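Written out below as structure tokens is the structure these notes cover.
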Amino acid sequence: MVRASIGTLAVLGLRHVRMAAVPTTGYLMVGGTCTADCAYCGQGRRVVGDHSRLSRITWPEVGENQLVEAFGAHPGAFQRVCFQTTASRGVLEQLLELVPRIREASGVPISVSYRVTKLEEADQLFVAGVQRIGIAIDCCSERLYPQLRGGSLADSMSLVVGLAERYPGRISTHLIIGLGEDEMEAAELMLELRQAGILVSLFAFTPVRGTRMEHDSPPALLSYRKLQLLLGLLDWQEKERVYISYDAQHNIHALGLSEAEVRSFLHKHFVFVTHGCPGCNRPFYTEVPGGTMFNFPNVPTEAVQREIDQFVEDLKVDGFDFAHVQSSGGEGGPMEVMRHCLEGEEEVEPSS
């Protein structure tokens, strides 16, 4: 058996549910009981009660043959298929058997979120037909990483960056905002990852019943929006220099953009949508329909102006500095990151 998100099964005609937004990626999950103990994950080995959820989404079981047939019967249903995995025995072998079948039946690119431990495992997955491998980092804080995820953030970074060097343009990672990190920790990690050529997907923390963090709260929307804006600036690279300033509490205080520039950028690139592999929209993965929308599954045409206006007004209330910083340097060179913190000095760092 394999599991699939309830929205995926609905698109494939295997379940009948009403959906506020249709997934553009088919989401599958393989693996048994997870051996990891992430404090925020509904698949963790110490979760009390129901293990059927990953974030807000339920993942019913479905037979492999039935799933392959459904993909073949619904050509064009998805732009991509993404496999989630648990840390359990036999997962790699199941992926190596199932990925080629789903790839042939669906005809779309395949992403796999899998904790690679050896380079040979990545080689095997790519040979099997995987286009992108995602290694979740999740927690942005070295001080919190051991207790929330286990292990070391430095070790995880070394693994992900090393894979990105070996497989340029084919490695992704996931960051969960709202696990107790400050904005500077999240921003600096994003900067390092993007400079290493790694695609960064952002998630908003969602409390899941039965986990150690079930009573914690999602992140403040303004903090999340600032990080979405920074990631958008890094992705689109419309400027040769990214300027970022932090206040004494390590919150993002400025990005070297005037109010007009912020508005112009967001109208061109509405970065408040889901950020992940091409074709991924993760509808309501971390949101409740009608509630706070951290990640819109698609560009909400009728709400774009309202969302931008609200974001700018929230920045003003928060004391954000809209002072414009002139860009300098030669054209065509690597992007530079210019930082300033009220506790330290400014530094300029060219990206790789």
Non-local amide H neighbours of residue 253 (under 5 Å, H modeled in plane, Pro and chain starts lacking H): which ones?
245, 246, 247
First select every other residue whose beta carbon is under 15 angstrom from the beta carbon of residue 166; then total the charges, Lys and Arg +1, Asp and Glu -1.
-1
Treating only the Cβ atoms of Lys and Arg (+1) and Asp and Glu (-1) as charged, compute the dipole magnitude of the chain about its Cα centre; round to the nearest 20 debye.
1580
Counting DSSP beta bridges with both ends in the chain, the antiparallel % (nearest 5)
30
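Which percentage, to the nearest 5, of the DSSP beta bridges contained in region 161-281 is antiparallel?
Approximately 25 percent, going by the DSSP bridge assignments.
Just so you know, all these numbers are worked out from the coordinates, no wet-lab data involved. Computed from a predicted model, the values in this text were never measured in an experiment. Note that each Cβ is placed from the backbone with ideal geometry, even for glycine, and that neighbours are counted across all protein chains shown.
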